[in-house]
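Student: Handing you a structure now.
The numbers here are math on the coordinates, done by the rules we state, and not lab data. Note that the structure is a prediction, hence the values are computed from the model and not measured. Methodologically, a virtual Cβ is constructed for each residue, glycine included, from the backbone with ideal geometry; neighbour enumeration extends over all protein chains shown.
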2 protein chains.
Amino acid sequence: MHRNQLNFSGGPGALPDTVLEQVRQTVIELPETGLSVLGMSHRSPWFLRLLEETEADLRALLRIPNDYSVVFLQGGSSLQFSMIPMNFAVPGAAAPDYVTSGYWSRKVVDEASRVVAMRTVWDGRESGYRTLPDLTGLDWDPRASYRHYVSNETVEGLQFPAVTDSGGSQLIADMSSDFMSRTFDVGAYGMVYAHAQKNLGPAGVTVAIIRNALLDRIPDTLPPMLDYRTHIRHRSNFNTPPVFAIDVMARVLRWIRDDIGGLDAMADINARKAAALYAVLDELREVIVGHAQKAVRSTMNVAFRFKDSRLDTRFIELAAEAGLSGLNGHRSIGGLRASLYNAVSEQAVGRLTAFLKEFALRHA
Amino acid sequence: MHRNQLNFSGGPGALPDTVLEQVRQTVIELPETGLSVLGMSHRSPWFLRLLEETEADLRALLRIPNDYSVVFLQGGSSLQFSMIPMNFAVPGAAAPDYVTSGYWSRKVVDEASRVVAMRTVWDGRESGYRTLPDLTGLDWDPRASYRHYVSNETVEGLQFPAVTDSGGSQLIADMSSDFMSRTFDVGAYGMVYAHAQKNLGPAGVTVAIIRNALLDRIPDTLPPMLDYRTHIRHRSNFNTPPVFAIDVMARVLRWIRDDIGGLDAMADINARKAAALYAVLDELREVIVGHAQKAVRSTMNVAFRFKDSRLDTRFIELAAEAGLSGLNGHRSIGGLRASLYNAVSEQAVGRLTAFLKEFALRHA
């Protein structure tokens with residue numbers, strides 16, 4: 001029953017099979033070095049080249065402008081929640097503005113508010129976190145140190161459209177759950193960050209892309225490990241980085257570039273996958289309710305439930321038996337959730353939609 | 001030339017072959033779950049059980065008393081350098097005391113001094129960091145918040161004997177490069193910490209063992225990610241932990257327990273390995289100089305150089321051709337270094353000593 005499950009988990013999530021096949025080899029021996037990737041020195045020529053190439057691949061795939069730095073960090077997005085105000089909340093400027101659009105952005109605010117007095121510019125609580133605002137229409141404080149939002153709410157399955165013009169350099173986005181799933185204009189942001197364990201690699205590494213002009217604000221009193229400039233200056237190699245997680249991420253980036261054909265192609269595939277699943281949910285609307293309002297449905301995370309809640313449990317059981325794993329909703333809202341990260345194939349989504357229809361026919 | 005090198009790197013270092021063989025399987029599919037370990041949710045029953053078992057194995061192997069907490073963190077030892085003073089430097093108490101015995105402990109002091117006014121109770125600079133003090137004889141300030149030292153200097157190859165009675169609860173040790181290589185009395189410490197990438201697993205996870213009485217000191221103003229109590233309360237699962245690195249660490253601990261037979265047996269093997277290598281260095285003393293004074297020689301890292309420094313480069317080249325990798329000394333002191341972490345076998349050390357003797361005979 002447990003052989004070879006398809007992984008629809010909210011994260012850590014599925015990685016591409018071709019990458020896993022490479023890793024199967026590298027954990028024993030990296031052909032270039034004759035050593036296991038798990039025992040590679042972070043000062044080795046192999047790793048220094050890997051860091052350079054990974055940054056170059058990210059820059060090419062996302063068309064990152066030259067006046068941005070790219071760093072690979074530890075501590076997940078959660079450490080960023082504190083590091084961002086530590087580094088960028090300018091003393092004397094107005095409090096930073098935060099958008100609270102779901103479970104994840106509430107976590108961001110919980111942590112950030114321990115570091116800095118911040119202001120909530122919008123909160124989706126009244127709608128039960130089923131909708132999102134138009135970012136350009138919000139009552140942003142023009143004097144705020146920065147503006148923070150979460151581009152995709154993993155738990156509720158809400159996604160902002162890509163921002164094309166933020167009209168300022170101080171927009172910061174947590175893109176943990178939709179980074180590298182579509183193109184976006186890096187130049188519209190002051191900073192973008194994402195942990196790897198959705199679309200990029202295993203848990204343990206976080207990517208941050210930071211506009212260099214923001215670095216001037218950083219106070220000189222921060223502990224070096226919590227100062228972005230330390231990691232930028234040492235090219236993500238100040239202390240021992242998570243070598244393995246970075247190597248897997250590098251392989252996922254090459255897969256997007258070479259096997260998929262780039263981020264536009266990746267975005268097309270992701271749009272088709274989401275459209276296929278939402279079409280079936282709409283078809284089954286007499287027995288299934290989606291969580292998100294239609295206009296803000298996420299291509300990455302699809303949260304839904306059966307009107308008869310007993311069917312949710314039954315669905316998870318039978319799906320696991322049929323080889324479909326990780327479909328339980330987040331503990332905070334219950335129900336069901338299918339996560340359609342980059343490595344979840346169209347075939348896998350086909351298996352899920354077929355199973356959903358059959359289940360509804362038999363049990364609902 | 002690059003096939004199947006033996007890894008004598010200072011870290012990340014070698015891992016046991018049997019563990020690597022298991023990982024070769026788990027990256028494709030964990031038999032218990034039908035999913036790749038790289039895509040396992042940190043909220044899955046499998047991972048929750050793994051966290052419990054890993055802590056239990058550590059507790060059993062080290063005989064950790066019940067009034068200590070065990071947590072798995074990100075950010076390497078380097079983040080601990082800042083977190084320790086943030087959490088444990090008591091306002092109003094005397095400055096914490098630090099021992100500076102080599103490259104690594106100088107790094108500790110560099111970082112910690114950015115957070116707190118600290119005092120250096122001993123510095124080995126005059127000896128060129130070739131010797132160590134008797135810890136019990138130092139001029140510790142009895143009112144200091146805590147006392148910090150590094151149990152093994154990775155770069156210079158100096159190792160303190162295991163502390164058996166510190167006479168207080170406030171002794172803190174960075175054991176990154178000799179943790180789990182020998183037994184020690186956890187009860188003699190307030191806190192012990194170690195990153196995984198020497199004797200425990202891949203880079204990306206750090207173990208901290210903290211006496212619970214110390215937790216009362218932690219100020220309530222820290223960002224949650226930087227407050228040890230957050231990670232203790234959430235049993236190392238506050239935010240997404242490095243699932244893969246923890247799973248590999250768990251497998252290394254089982255290897256120590258089941259294949260090696262526990263920490264006493266591990267310590268015996270490590271002592272034999274070091275004795276074998278130092279015996280050859282002593283035998284070759286006309287052409288080779290060891291860095292450390294004899295009384296403080298490390299069992300983990302053996303730093304040495306040829307009297308004719310041109311031979312160092314030649315040695316590294318020919319060793320690599322013979323399948324012996326990672327023998328260059330740290331960039332800060334140059335020369336040569338052989339690291340003999342747990343996963344470096346007695347056979348591997350035998351290959352190294354044989355090669356050393358032959359090289360000296362032919363070239364020195």
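Student: Among residues other than B:Ala196 whose Cβ falls under 15 Å from its Cβ, what is the net charge (Lys/Arg +1, Asp/Glu -1)?
Tutor: Surrounding charge for B:Ala196 is -2.
Student: Shifting gears a bit: Pop a pseudo-label 7 angstrom from the Cα along the beta-carbon direction at both B:Arg362 and A:Ala271 and give the gap in nm to one decimal.
Tutor: 6.4
Student: How big is the charge dipole of region A:302-358 about its Cα centre, in debye rounded to the nearest 20, if each Lys and Arg gets +1 on its Cβ and each Asp and Glu gets -1 on its Cβ?
Tutor: Dipole size: approximately 200 debye.
Student: For region B:206-325, what is one quarter of the convex hull surface built on the Cα atoms, given in nm²?
Tutor: 12.4
Student: Also: Among the lysines in the protein assembly as shown, how many pairs, 8 or more places apart or on different chains, have alpha carbons under 30 Å apart?
Tutor: 29
Student: Continuing with the same structure: Hey, what's the Kirkwood Rh for region A:1-150 if you take every pair of different alpha carbons, in angstrom?
Tutor: 19.4
Student: Based on Cα positions only, what radius of gyration and what Dmax would you give for region A:75-161, in angstroms?
Tutor: Cα radius of gyration and Dmax of region A:75-161 are 12.5, 36 Å respectively.
Student: Okay, next question. Describe numerically, in nm with one decimal, the distance between label points set 7 Å from Cα along Cα→Cβ at A:Ala162 and at B:Asn212.
Tutor: My value for the distance between the label points is 5.3 nm.
Student: Can you give the FRET efficiency to the nearest 0.05 for A:Ser309 and B:His234, using r as the Cβ-Cβ distance and R₀ = 30 Å?
Tutor: 0.60
Student: Oh, and also: If each Cα of region A:19-260 is one equal point scatterer, what is log10 of I(q)/I(0) from the Debye formula at q = 0.07, 0.14, 0.15 Å⁻¹?
Tutor: The Debye formula, applied to the Cα set alone, gives -0.23, -0.91, -1.03.
Student: Quick one, could you list the DSSP H helices from chain B stretching 27 Å or more along their long axis (Cα atoms) with average Kyte-Doolittle hydropathy of -0.5 or above?
Tutor: Length and hydropathy pass: B:263-283.
Student: Another question about this same structure. Take every Cα-Cα pair in region A:262-363 and report what % of them are more than 15 Å apart.
Tutor: Roughly 60 percent, rounded to a whole number.
Student: Could you tell me the extents of region A:102-224's C-alpha atoms along the three principal axes, largest first, rounded to whole Å?
Tutor: 41, 36, 30
Student: Under the definition of partner shielding as Cβ atoms of other protein chains within 10 Å of a residue Cβ, what is the mean value for peptide A:109-118?
Tutor: That average works out to 2.
Student: Turning to a different aspect of this structure: Within 10 Å of each residue's Cβ, count the other Cβ atoms and sort A:Lys357, B:Lys198, B:Lys107, B:Lys273 from fewest upward.
Tutor: A:Lys357, B:Lys107, B:Lys273, B:Lys198
Student: From the C-alpha coordinates alone, can you work out the Kirkwood hydrodynamic radius of region B:248-302, in Å?
Tutor: 12.9
Student: Still on this model: Which whole-number percentage describes the relative contact order of region A:262-363, with Cα contacts under 8 Å and a sequence gap of 6 or more?
Tutor: Dividing the mean separation by the residue count of region A:262-363 yields 31 percent.
Student: Can you tell me the FRET efficiency between A:Ala93 and A:Ala295 if r is taken as the Cβ-Cβ distance and R0 is 35 Å, rounded to the nearest 0.05?
Tutor: 0.55
Student: Taking a point 7 Å out from Cα toward Cβ as the label site, list the nm distances between A:Arg43 and the same residue in every other copy, smallest first.
Tutor: Inter-copy label distances (nm, one decimal, shortest first): 4.2.
Student: For B:Ala60 and B:Glu126, compute 0.36 nm times the residue count separating them, minus their Cα-Cα distance, and round to one decimal in nm.
Tutor: 19.7 nm
Student: Give me the inter-chain shielding for B:197-210: mean count of other chain Cβ atoms within 10 Å, whole number please.
Tutor: Mean number of neighbouring Cβ atoms from other chains: 4.
Student: Over the alpha carbons of region A:21-72, what is the largest minus smallest coordinate on each principal axis, giving the biggest first in Å?
Tutor: 38, 25, 16
Student: For all pairs of alpha-carbon atoms in the protein assembly as shown, what percent lies in each bin of width 10 Å, listed from the first bin to the last filled one?
Tutor: Histogram of Cα-Cα distances, whole percents per bin: 3, 15, 24, 25, 19, 10, 4, 1, 0.
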